[in-house]
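The values are calculated or read from the model by the stated rules, or taken from the named source; none is laboratory data. Only a predicted model underlies this, so the values are computations on that prediction, with no experimental measurement involved. All Cβ positions, glycine included, derive from the backbone under ideal geometry; neighbour counts span all protein chains shown. Note: areas computed on protein heavy atoms with side chains; ligands, DNA, RNA excluded. Shrake-Rupley method; radii C 1.70, N 1.55, O 1.52, S 1.80 Å.
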Amino acid sequence: MDERIKAFNEKMEKCVEHLESDYVTIRAGRANPHVLDKVKVDYYGTPTPVQQVGNITVPEARMIQIAPWEKSLIKEIEKAIMSSDIGITPSNDGSVIRLVFPELTEERRKDLAKDVKKKAEDCKVAVRNVRRDGIDTLKKVPKTELSEDQEKDLEDELQKLTDKYIKEVDKLMDEKTKEIMTV
């Protein structure tokens with residue numbers, strides 16, 4: 001792969017990786033500890049990820065249990081979860097916090113599927129923008145360094161990369177939609 005193309009390949013890859021990390025945080029009816037990835041707890045004045053202040057387990061298919069390493073953090077963790085966009089009210093028994101995931105309604109599943117599709121479309125736009133930037137960059141290279149044929153070959157290579165990543169985005173979208181719509 002040409003050095004000029006490598007940078008654009010990495011940017012497209014980052015777009016897809018970002019989409020994957022977004023999809024991990026979308027809950028699909030089953031308890032998935034990754035829904036807590038973006039939740040930060042005020043730990044002595046520092047926003048700290050929940051994973052770093054307690055032990056997170058999934059004792060049942062629809063429940064996440066958080067056992068804080070310090071009992072004094074229970075209120076802070078609950079507050080952080082309540083202010084996040086998870087949409088689940090935590091309950092505690094004084095030593096552990098439980099998040100019980102309700103069964104998703106058909107309407108909620110469809111809303112989540114729309115959200116998945118929107119995120120995929122945004123990712124495709126980002127990938128195409130990288131391709132456009134790549135083509136613009138190639139056009140600015142002086143003709144003494146790059147012949148028209150070489151420029152055309154590099155543009156074709158960029159297009160192939162774009163197609164590859166768009167296919168990958170579609171595959172991720174289909175998998176996540178299927179996961180959400182499965183009862």
Is there any pair linking a residue in segment 98-113 that is over 18 Å from ASP85 (Cβ atoms) and part of a loop (DSSP other than H, G, I, E, B) to one that is open to solvent by less than 70 Å² (accessible area, probe 1.4 Å) and at pLDDT below 85, with Cβ under 9 Å and at least six apart or on different chains, and which?
GLU103/GLY29
Being acidic (Asp, Glu) and within 21 Å of the chain's Cα centre (by Cα): is that true of ASP37 here?
yes
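If you take the residues in segment 21-54 that are among the aromatic types (Phe, Trp, Tyr) and at pLDDT 85 or above, which one is nearest to THR105 (Cα to Cα)? Break it down stepwise before answering.
First pass over segment 21-54, keeping only residues among the aromatic types (Phe, Trp, Tyr): 23, 43-44.
Filter again for at pLDDT 85 or above, leaving 43-44.
Details: TYR43: 35, TYR44: 39 Å.
The qualifying residue nearest to THR105 (Cα to Cα) is TYR43.
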Go through (1) open to solvent by less than 60 Å² (accessible area, probe 1.4 Å); (2) hydroxyl-bearing (Ser, Thr, Tyr); (3) free of Cβ contacts under 8 Å to residues at least 40 places away in the same chain and name the single condition TYR23 misses.
(3)
Would it be correct to say that LYS114 is over 30 Å from PRO49 (Cα atoms) and open to solvent by 100 Å² or more (accessible area, probe 1.4 Å)?
no
Of the residues that sit in segment 136-167 and are over 23 Å from GLU17 (Cα atoms) and hydroxyl-bearing (Ser, Thr, Tyr), which one is least open to solvent (accessible area, probe 1.4 Å)?
SER147
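Here is a check on your reading of the model: is ASP133 of a type outside the set (Val, Ile, Thr), modelled with pLDDT of 90 or more and either open to solvent by 80 Å² or more (accessible area, probe 1.4 Å) or on the phi < 0 side of the Ramachandran plot (or both)?
Working: of a type outside the set (Val, Ile, Thr): yes; modelled with pLDDT of 90 or more: yes; either open to solvent by 80 Å² or more (accessible area, probe 1.4 Å) or on the phi < 0 side of the Ramachandran plot (or both): yes.
Yes; evaluated as a whole, the condition is true for this residue.
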